[in-house]
Amino acid sequence: PDKVGLHPVNVNDFCLQTDSHMDFSDDYDTGLIAMFHRTENDYAVLSTYVTDIEFNNKDPKVVPNLCMVEFTSSIRNWGTKQCTKLVRPKMTNAMWGAGLSFHRCHAELNVPVDPYLDEVFDGEEGSRGLRFFTHGYDVYAPDKVLVTHDYHTHQGNPIVHTWGRHGGENKHEDRWVWNRDIEEARTRGMETGVLKTFGSKRVNMMLGIGKNHDETAEQKKEII
């Protein structure tokens, strides 16, 4: 970590989660912080399904508002409607999207990604959105377009849909090598007490490796 200049964050720092294949408007960092302060809520979470990359740096007056769900075996975000001429972020409570999430870093400590939702797609956003709500956080639709996604190039790329294939066979992700390695590390750790780790303490806690549940609140703050 020292070689790449990584340092522990403070709970009052800002944390940003995005998808891959994203782009960011000029001065997006100061723009997101200013937007956060417009909520006048230290427990605000800015989140939505973002606009297409063609609108990057164009400051459109129409912004996406994540507000539609469908019920499958769980609850799944379905899509957005449009909001126009917002002067501050719009509260949408519990409608959280994993593609964009901006908040104080204490939200990552108080409402971490659920380590027991391995490989879950339908429901993982709904689960965290509801847990944000029950932990006192309010989710808001951003009032400006500062982060965008390359929908057409990414989703139209045929290679993306072949990552799970090997030798012409469709391979479900529960048979991917990295997933097997994680499961073996969990088993080996329980049997021998010797743990193979994957990155930071925070990553290992999310993967269910180690005994981080025994750490004090102060120690957990240092993880993020």
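The values are calculated or read from the model by the stated rules, or taken from the named source; none is laboratory data. This one's a predicted model, so the numbers in the text were calculated from it and none came from an experiment. With ideal geometry, Cβ positions are generated from the backbone for all residues, glycine too; neighbour counts draw on all protein chains shown. These accessible areas exclude ligands, DNA and RNA; they are computed on the full protein's heavy atoms, side chains included. Shrake-Rupley method; radii C 1.70, N 1.55, O 1.52, S 1.80 Å.
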Looking only at region 51-87, count every residue that is open to solvent by 30 Å² or more (accessible area, probe 1.4 Å), among the small types (Gly, Ala, Ser) and assigned to a strand (DSSP E or B) and tell me the total.
0
Pairing a residue in region 15-31 that is on the phi > 0 side of the Ramachandran plot and touching a residue at least 24 places away in the same chain (Cβ under 8 Å) with any residue that is open to solvent by less than 80 Å² (accessible area, probe 1.4 Å) and of a type outside the set (A, V, I, L, M), where Cβ atoms lie under 6 Å and the two sit 6 or more apart in sequence or on different chains, gives His21/Asp150; His21/His154
Residue in region 43-51 that is aromatic (Phe, Trp, Tyr) and under 28 Å from Thr134 (Cα atoms) present:
yes
With the structure loaded, tell me whether Lys90 is surrounded by fewer than 21 Cβ atoms within 10 Å (Cβ to Cβ) and more than 26 Å from His152 (Cβ to Cβ) or whether it fails that test.
yes
Might you let me know whether region 95-113 holds any residue that is part of a loop (DSSP other than H, G, I, E, B) and in contact with a Leu (Cβ under 6 Å, 6 or more places away or on another chain)?
yes
